[in-house]
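Below: one structure, written as structure tokens.
The values are calculated or read from the model by the stated rules, or taken from the named source; none is laboratory data. Since the model is a prediction, treat every value here as computed from it, not as a measurement. Heads up, the Cβs are rebuilt from the backbone with ideal geometry, glycines too, and the neighbour counts pull from every protein chain shown.
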Amino acid sequence: MPKRDNISMSVIRRLPRYYRFLRLLQSKGVVRISSTELSSKLGLTASQIRQDLNCFGGFGQQGYGYIVDQLCAEIANILGLSNCYKTILVGAGNLGQAIASHMSFESEGFHLIGIFDNSPHKIGTIINDHPVLDIAGLDEFCRKEKPVMAVLCIPRESVGPLAEKLYTMGIKNFWNFSHYDLAMKYPDALVENVHLNDSLMTLCYRISNSGTQ
């Protein structure tokens, strides 16, 4: 079955969850699994899982289920996890340090090639084998290394001028941890906004309305 066009973002956003769970099954030596078994573990319906995967082709066999290794490899290919897109991270504060230290960029489609900050106290320090570079040298670095994605871990008020500079240098892909809406200013940019406060407030709402507190 060929891949469908205009696949919804809700389907795309479920793929990493499928992939993460299939990797767990691999580590446990599970060879195959049915959509029904997947649904019971993921809290989705079997029909939903089949519909999601059918957007990209037929990976399962009726009455047999999905071969875990094969499906895991197929989803990794769909997500483009082998691309190793060159990536820079701007902002070596607590959040930036945590992301640079604990995110497995290489196994998730990206290759972190530089970390930048403007603080004299951070420039020259080492984070996960990467020296923190002076942001004053960002232009020269980008011209030479040609990164295609930037992780922004800086205060909201600093994002505008920096994003404009990165955009003019050809970087149009952002993993944005600030509260500055890049997508509004650069409609042709690909932006993933991460609002940790939103997630925490959502959890607060769910607790408040669960009747269990």
Check your understanding: Among Ala100, Ala150, Ala76, which is the only one that is in contact with a helix residue (DSSP H, G or I) (Cβ under 8 Å, 6 or more places away or on another chain) and buried (at least 20 other Cβ atoms within 10 Å of the Cβ)?
Key -> Ala150
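Can you find, within segment 153-171, the residue that is surrounded by the fewest Cβ atoms within 10 Å (Cβ to Cβ) among those that are of a type in the set (D, E, K, R) and without any contact (Cβ under 8 Å) to a residue 24 or more places away in the chain? Working first, answer last.
Step one: filter segment 153-171 for residues of a type in the set (D, E, K, R), giving 156-157, 164-165.
So of that shortlist, the ones also without any contact (Cβ under 8 Å) to a residue 24 or more places away in the chain come out as 157, 164.
Numbers: Glu157: 10, Glu164: 13.
Checked segment 153-171; the qualifying residue surrounded by the fewest Cβ atoms within 10 Å (Cβ to Cβ) is Glu157.
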Point to revise | Count - residues of segment 172-213 that are surrounded by 12 or more Cβ atoms within 10 Å (Cβ to Cβ) and either under 20 Å from Gly96 (Cβ atoms) or not basic (Lys, Arg) (or both) | key: 19
Check your understanding: Do we find a residue being under 29 Å from Glu106 (Cα atoms), polar (S, T, N, Q) and surrounded by 13 or more Cβ atoms within 10 Å (Cβ to Cβ) anywhere in segment 51-58?
Key -> yes
Check your understanding: What is the one condition in (1) surrounded by 14 or more Cβ atoms within 10 Å (Cβ to Cβ); (2) under 16 Å from the mean Cα position of the chain (by Cα) that Ile113 does not satisfy?
Key -> (2)
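Restricting attention to segment 98-112, does a residue exist that is among the small types (Gly, Ala, Ser), farther than 30 Å from Ala163 by Cβ and in a helix (DSSP H, G or I)? Quick ask: steps written out before the conclusion?
Start the filter on segment 98-112 by keeping residues that are among the small types (Gly, Ala, Ser), which leaves 98, 100-101, 104, 107, 109.
Applying the additional criterion that residues be farther than 30 Å from Ala163 by Cβ yields none.
Scanning segment 98-112 turns up no residue that is among the small types (Gly, Ala, Ser), farther than 30 Å from Ala163 by Cβ and in a helix (DSSP H, G or I).
Looking at Ile127, Ile135 in this structure, which one is in contact with a strand residue (DSSP E or B) (Cβ under 8 Å, 6 or more places away or on another chain), buried (at least 18 other Cβ atoms within 10 Å of the Cβ), closer than 27 Å to Leu81 by Cα and at pLDDT 95 or above? Walk me through how you get there before you give the answer.
Details: Ile135 fails: closer than 27 Å to Leu81 by Cα.
The conditions single out Ile127.
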Revision key, fill the gap. Counting only residues that are closer than 24 Å to Glu192 by Cα, modelled with pLDDT under 90 and over 19 Å from the mean Cα position of the chain (by Cα), segment 1-46 contains a total of 4
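State whether one or more residues within segment 60-67 are within 22 Å of the chain's Cα centre (by Cα), among the aromatic types (Phe, Trp, Tyr) and either modelled with pLDDT of 95 or more or not assigned by TED's automatic domain parsing to the domain that holds Met169 (or both).
Start the filter on segment 60-67 by keeping residues that are within 22 Å of the chain's Cα centre (by Cα), which leaves none.
Checked against the condition, which is being within 22 Å of the chain's Cα centre (by Cα), among the aromatic types (Phe, Trp, Tyr) and either modelled with pLDDT of 95 or more or not assigned by TED's automatic domain parsing to the domain that holds Met169 (or both), segment 60-67 yields no hits at all.
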